[in-house]
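Report on the following structure.
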Amino acid sequence: MLFLLPLITLISSPQHISPSVDVLKVDPLLLVEAREVWDIIGRRDNPVWPGWDARKTPILIYLPGKQDLLVNHPAPPTGFHRYSGALRSSIGGISVKDGPTIFDLDGQNTSTSVNGVETLVVADTLSSRRQWIENAADSIVKNPSGAPQMIAKGLTPEPFDSMVMFAHEAFHVYQRQKAPDKSGVESSLVRYPSLSVENNLGYSLEADRLVEALHATSDRELRESALRWIAVRNWRRSHLSQEAIDYENGTEFSEGLAKYVEYKTLECLQKRKPSPEMWLVQNFRGYGDLSPERERLLRQARWFMNGESVVNNDLYGASSIRFRLYFSGMAIAALLDRLGADWHDLIFQKGTTLTGLAEKAIHATPEELRSALATVTASSEYGAARAKKEKLASDGDVYVRDQIKEFNSAPGECVIDYSELAEKDLSIVYTPFGILRIDDNRCFYRLIPIRGKVGGVSFEEELAKPILIDRQLKQIRIPLTASLEPSDLSKQLNVSDVSSVAVNGQDLNLGGLKLKSIKGQLRLQGRELVIKLNRLTL
């Protein structure tokens, strides 16, 4: 019989705590939740995913600007020290670092290399709550009547959400070890048709077919629903470019399978005996019957795929487009389980996709697919869903035009012209959730302060203001929070005339924007400062 030590063990309590003892600024109950999950995934006979053993995977929990906490990391970076407090972890040793953190933005649940070791990252409870408050504030401004319900929902903790997040991010570490190049290329979202009627309609129809299949009570019902789903998916994808299809496949592999791991973790936790410390977690209800938790994921799959639920209050950009792939990937993986497919090892192979594996498992004939699609398109649901997506496209066009008008009304603007450079000379740090497509050549990057480098010139926003990149003209347009004053520019550049001046390695601080190592020709044109780069700047 295997006996597991409790994650949290209290050293015999002293009468006085030494001032040198570390104070945990991150939520210690996250360590309790992590241990519960490691009891499932941190073993050779991992029931969530055959062949995956998370015992060596390090954990980083962070509270932005306050504290980083590493668990089970073999070589913590400089600045970390062994935690000296009363808690112990059966997952591995604990190291902490106060002050500036590896991640400075809230809610960054991800995986990253920490001192050369791939590490899962989970944001602290307060960090996640702060991010929720910011999003809620925006929603409440738009819909004040919905405030009480939103606040009540946000203040009700869901411990299973944070528990399965550990499994989700730990699986990303495993994925990158097994197939480091299979994720979707995020820059594809710049050209992804986020307002396409056929694409959004097809995804909505897929949602219902997938959830129907996962609720099927007979093999016949399962196959009929699966047939209708794959028929709709093939029709929808006939309207997409190969780049967009590749992006979907890659993101369903990376994020969809990690979401599937959440679903399976809930399945494997069911009826287990929780550790005593778990009862300290607010709103924890035990593991007796977790089918409602799995059903909640399936409801979310339907809502995010059909557009009823919106991410980041972003109806028209990449947020909801990207996030629905989490759930379609999860649902297809669960469908493969229902179809009895042996697929867990195959999915890591180059060129293998969840859709391709499902097609093989379903064994549909061309006639069956034609008939299944005809059944869906003849339904009343089809007409109602198409009308919704046509309105979404129309409203989206208006919204994009309004965003361009608002962008053009900023007090000032910096335009970095890199038309003489190669596209590879441009690199930016952004969140793919923040992309808003304007057309095939132009898009906004939003949600977080954008920073980047082009031709040796680096730029960094102080606030999260949308920037516009035009890849046809090869221009980066960055709005400023203050107007451009010739006297201020003259002082910073140490020149008398700023209408046109050559600079070589100088820095500038503009309204909300920092520029470093500028090498090129500057021209002040009304509200715009144009920086023309050339090959000599490289």
Pairs with Cβ under 6 Å, 6+ apart, first in region 234-254 and closer than 19 Å to Phe304 by Cβ, second of a type in the set (Val, Ile, Thr): Arg237/Ile245; Asn249/Thr353
Cross-chain or 6+ apart pairs with Cβ under 8 Å, region 308-324 first and within 19 Å of Arg442 (Cβ to Cβ), then basic (Lys, Arg): Gly317/Arg437; Gly317/Arg446; Ala318/Arg437
Which listed residue, of Leu392, Leu421, is surrounded by 14 or more Cβ atoms within 10 Å (Cβ to Cβ) and not in a loop (DSSP other than H, G, I, E, B): Leu392
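Any residue that is among the small types (Gly, Ala, Ser) and free of Cβ contacts under 8 Å to residues at least 12 places away in the same chain - is there at least one of those in region 334-356? Please lay out each step first, then the result.
Initially, region 334-356 is screened for residues among the small types (Gly, Ala, Ser), giving 334, 340-341, 351, 356.
Now restrict to residues that are free of Cβ contacts under 8 Å to residues at least 12 places away in the same chain: 351, 356.
Checking region 334-356: at least one residue is among the small types (Gly, Ala, Ser) and free of Cβ contacts under 8 Å to residues at least 12 places away in the same chain.
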Complete set of residues in region 362-393 that are over 17 Å from Leu210 (Cα atoms), in contact (Cβ under 8 Å) with a residue 40 or more places away in the chain and of a type in the set (A, V, I, L, M): Leu392, Ala393
Candidate set: region 304-329, residues that are of a type in the set (A, V, I, L, M) and over 17 Å from Ile245 (Cα atoms); chosen: the one surrounded by the most Cβ atoms within 10 Å (Cβ to Cβ): Val311
Residue that is nearest to Ala334 (Cα to Cα) [pool: residues in region 229-257 that are outside any helix (DSSP H, G or I) and hydroxyl-bearing (Ser, Thr, Tyr)]: Ser238
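Taking the stated definitions as given, is Leu508 outside any strand (DSSP E or B) and either within 27 Å of Ala422 (Cα to Cα) or basic (Lys, Arg) (or both)?
Working: outside any strand (DSSP E or B): no; either within 27 Å of Ala422 (Cα to Cα) or basic (Lys, Arg) (or both): yes.
For Leu508, the condition - outside any strand (DSSP E or B) and either within 27 Å of Ala422 (Cα to Cα) or basic (Lys, Arg) (or both) - is not met.
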Region 173-190: number of residues that are touching a strand residue (DSSP E or B) at 6+ places or on another chain (Cβ under 7 Å) and either within 30 Å of Ser238 (Cα to Cα) or of a type in the set (Lys, Arg) (or both): 3
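Quick grid of which residues meet (1) surrounded by fewer than 22 Cβ atoms within 10 Å (Cβ to Cβ); (2) over 26 Å from the mean Cα position of the chain (by Cα); (3) among the aliphatic types (A, V, I, L, M); (4) assigned by TED's automatic domain parsing to the domain that holds Lys273:
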site: Ala34; (1), (2), (3), (4): no, no, yes, no
site: Ile41; (1), (2), (3), (4): no, no, yes, no
site: Arg55; (1), (2), (3), (4): yes, no, no, no
site: Asp68; (1), (2), (3), (4): no, no, no, no
site: Ala75; (1), (2), (3), (4): yes, yes, yes, no
site: Ile102; (1), (2), (3), (4): yes, no, yes, no
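Can you name every residue in region 369-397 that is under 33 Å from the mean Cα position of the chain (by Cα) and of a type in the set (Gly, Ala, Ser)? Lay out the reasoning, then the answer.
We begin by selecting, within region 369-397, every residue under 33 Å from the mean Cα position of the chain (by Cα); these are 373, 376-377, 381-397.
Once the filter is applied, which keeps residues that are under 33 Å from the mean Cα position of the chain (by Cα) and of a type in the set (Gly, Ala, Ser), region 369-397 yields Gly383, Ala384, Ala385, Ala387, Ala393, Ser394, Gly396.
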Among residues of region 83-118, those that are in contact with a helix residue (DSSP H, G or I) (Cβ under 7 Å, 6 or more places away or on another chain) and of a type in the set (S, T, N, Q), counted: 5
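Look through Ser204, Ser194 and report the one residue that is under 25 Å from the mean Cα position of the chain (by Cα), surrounded by 20 or more Cβ atoms within 10 Å (Cβ to Cβ) and not in a helix (DSSP H, G or I).
Numbers: Ser204 fails: not in a helix (DSSP H, G or I).
Going through Ser204, Ser194 in turn, just one is under 25 Å from the mean Cα position of the chain (by Cα), surrounded by 20 or more Cβ atoms within 10 Å (Cβ to Cβ) and not in a helix (DSSP H, G or I): Ser194.
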Answer from Ser517, Ser458, Ser483 - the residue that is part of a strand (DSSP E or B), in contact (Cβ under 8 Å) with a residue 60 or more places away in the chain and surrounded by fewer than 17 Cβ atoms within 10 Å (Cβ to Cβ): Ser517
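The values are calculated or read from the model by the stated rules, or taken from the named source; none is laboratory data. On a predicted model such as this, the values are computed, not experimentally measured, just so you know. Note that we place each Cβ from the backbone using ideal geometry, even for glycine, and neighbour counts take in every protein chain shown.
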